[in-house]
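Below is one structure; the comments refer to it alone.
Where a number appears in this text, it was derived from the coordinates with a stated rule and is not lab data. Note that this is a predicted model, so its numbers are computed, not measured. Cβ: placed from backbone, ideal geometry, glycine included. Neighbour counts: every protein chain shown.
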Amino acid sequence: MAPGDQPLSTGPSAAGAPDGADLSIAARAAELRDLIAYHNERYHTLDAPEIPDADYDALVRELQAIEERHPELRTEDSPTRAVGGAPSATFAPVEHELPMMSLDNAFDRGELDAWAERVAKGLDLGDAAAPVGYLCELKIDGVACSLRYEEGQLVLAATRGNGRVGEDITANVRGIAAIPDRLRGSSPPRVVEIRGEIYLPVPTFEALNAAQEAAGLPRYANPRNTAAGSLRQKDPAITASRGLAFWSYQLGVVEGGPGLEGHGEALDWMDELGLPVNPERRRVSTVDEVAAFADHWLEHRHDLDYEIDGAVVKVDRLVRQRALGSTAKAPRWAIAYKFPPEERTTKLREIQVSIGRTGKATPFAVLEPVFVGGSTVQMATLHNQDQVELKDVRPGDTVIVRKAGDVIPEVLGPVVAERRKGLRRWKMPDACPACGHELVRPDGEAHTFCVNPACPAQRQTRIEHFASRVGMDIEGMGESRVQLFLQEGLIADVGDIYSIDWDRVAPLEGFGQVSIDNLRAAIEESKTRPLARLLVGLGIRHLGPAGAEALAGSFAHIDDIAAATEEDIAAIDGVGPTIARSVAQYLASDDARALIERLRAAGVNLEGSAPSDVPKVLAGLSVVVTGTLDNFSRDEAAEAIKVRGGKSPGSVSKKTTAVVVGAEPGASKLSKAEELGVPMLDEDGFAHLLETGELPDA
Ligand code: IVH
């Protein structure tokens, strides 16, 4: 069994506990060592981490805390003393001339201050507020790499490995455009080793994932893992194709370089040598300024096109760095000030299905609440059956949850090593959880639907959506009131909102005269909303606010939209064929027509913003336009016909009233018109028709 399979809270055995320590604490320390070693290997050697960094950090901190309280439990090989993982067999080993160290972490302001105090003490400054001189950088979330240049030429690139021995990845690194093969300038140092982070820019990561999805393949979890995986390809051409990038942040071995006094100068020098150095660096004096730098980037981390997971603070002056020295694992002169995690693991309690207003059945994860990305997450959409299958998340799994800033929380995938035996794959239920009606997945569709229009869940979400801000914006008509009104039989669907029996509302719990008056006023006011809001509120599939605006701006009345053909609707700028089909189908349905009559009777505004004062002289007529006209574009001609109540189809039939013929007309339309004896008009004749609704005298 892999250590990851073990539950985190209990230890396997308490054997061998040294005197003084509680047996169960000793067992827990042993278990933590195992777990950390296991996850180290997954992360550093196999490039397949199973848990987010934050969970790993928590394990290390727990072990550190035990070792601090019980020094007798600290072993020689404790992972709290080691850096990274063992080198893999795929790439040749490289011994680092200077060890590649890791960084200690500060997880909050208190830990940052404590570090600053240690620094001040170590430098004999006495006071943490004394100006130490720090260089603040971003903590890039990628893969550490060392680049060795000799006489200006890149000769070796290596991973960090365990800090002493890394792997030779020179061939792969040569394909990274951001890393120069030759240093800039005519007198490069004899040797310079540049350390930095190879990373995958977020837009590149998203493009890679879009390609994965298009090919029906699972998404990559995050840019860091993808960068690590891309770097470890046996074929350098694959690495080169991935679009990796690099930020330099530290000097290693230097022979024949300039005399440098500070780390900031070292960064400037790397920049002069032609290496990419992150511009978001700042030299500051006090720890308050360090915290301000970190706070700024915590807020703006998603403005960058690469991922960061904190700030790195380094004592700037090199003599001071030397004075402070290092522990076995990390320098004392630097600290990683980590942001709160955006990924955590938690238990997937179950997968439930919600039914939307169009009947769409959406599976969602019910999670053990977890604080991640600045808020507590307990639910996350899983989108559809295919997504659940691709991610292979199963009820009972430990799953990785990501919430980046304001972005909607997402379940990235399971921690397979922690899966209990016998956990079943999840399947979309056959029946709607709200009404028991069959769930149907149409051919070629990713989504499954409840096709029962009377489904209570659909009714509820339809009414909520109608009354919501994007729709008719009826304040006070939220989820709980809609639910109550439905339960009480006061409304059954959208059309009932305008004929609520208020005498029956008065005795309901939570309703006083004031709240009734307010709700009635809000409903009354909603009658004047622009047509676009009503169209959105009706919840027509695919029709969003932009499409609704385009429709309302092109038609004078909802009746005109209902009378228009699918082609007419599709001809409107901002309305594609999918929306046009959906709108036409919806407005042709008996339910929609009945609803519109009820809204009309209630006095709801049904008028669009297209000029409606034009007389409908072409009502019932059908006019086909072919060829180029002098005074109208094709769209304008069609619009002029429609505004007057006419139709402007794309082909000639028995029903065509007239064909307007411009320059270079379509031959088939002409011959069809001739064959059927449909009158043909020139542009003057068209103008006459638009004005009078009558054909000019022959
Ligand atoms: S300095 C001896 N600076 O974070 C100091 N590291 O958790 C060496 N990292 O191993 C590291 N951004 O892979 C440094 N601006 C930065 C960094 C940075 C990201 C990584 C690096 C390091 C790890 C420690």
The lysines whose Cα lies under 26 Å from the Cα of residue 391, excluding any fewer than 8 residues away in the same chain, are 347, 360, 403, 421, 427
All alpha-carbon distances of the chain, grouped into 20 Å bins from 0, give the whole-percent distribution 14, 33, 28, 20, 4, 0
Averaged over all viewing directions, the convex hull of the alpha carbons in segment 459-606 casts a projected area in nm² of 8.1 nm²
For segment 207-290, using Cα atoms only, the Rg and Dmax in Å read 18.5, 55
Per residue, the convex hull enclosing the Cα atoms of segment 301-438 spans a volume in Å³ of 156 Å³
With x for Gly and Pro, the residue-by-residue ³J(HN,Hα) of segment 420-437, computed from phi through the Karplus equation 6.51 cos²θ - 1.76 cosθ + 1.60 at θ = phi - 60° and given in whole Hz, is 5, 4, x, 5, 8, 4, 8, 10, 4, x, 6, 10, 5, x, 8, 10, x, 5
Taking the alpha-carbon centre of each part, the distance from segment 462-476 to segment 634-698 in Å is 43 Å
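Shape of segment 437-541 from its Cα gyration tensor (a ≥ b ≥ c, root eigenvalues): rounded if a/c is under 1.5, otherwise prolate when a/b > b/c, or oblate? Spell out each step's value before the answer.
On the way: a/c = 2.95, a/b = 1.62, b/c = 1.83.
Oblate.
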According to the Cβ-distance criterion of 4.7 Å, cysteines of the chain with no possible disulfide partner are 136, 145
Taking placed amide H atoms and a strict 5 Å upper bound, the residues 5 or more places from residue 134 or on another chain that come that close are 284, 285, 316
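Output the pairs from 642/669; 139/234; 527/616; 139/338 with a Cα-Cα distance over 18 Å in this structure; if there are none, say none.
Values: 642/669 20 Å; 139/234 28 Å; 527/616 26 Å; 139/338 8 Å.
Those over the limit are 642/669; 139/234; 527/616.
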Along principal axes, largest first, the alpha-carbon spread of segment 170-240 in whole Å comes out as 51, 22, 16
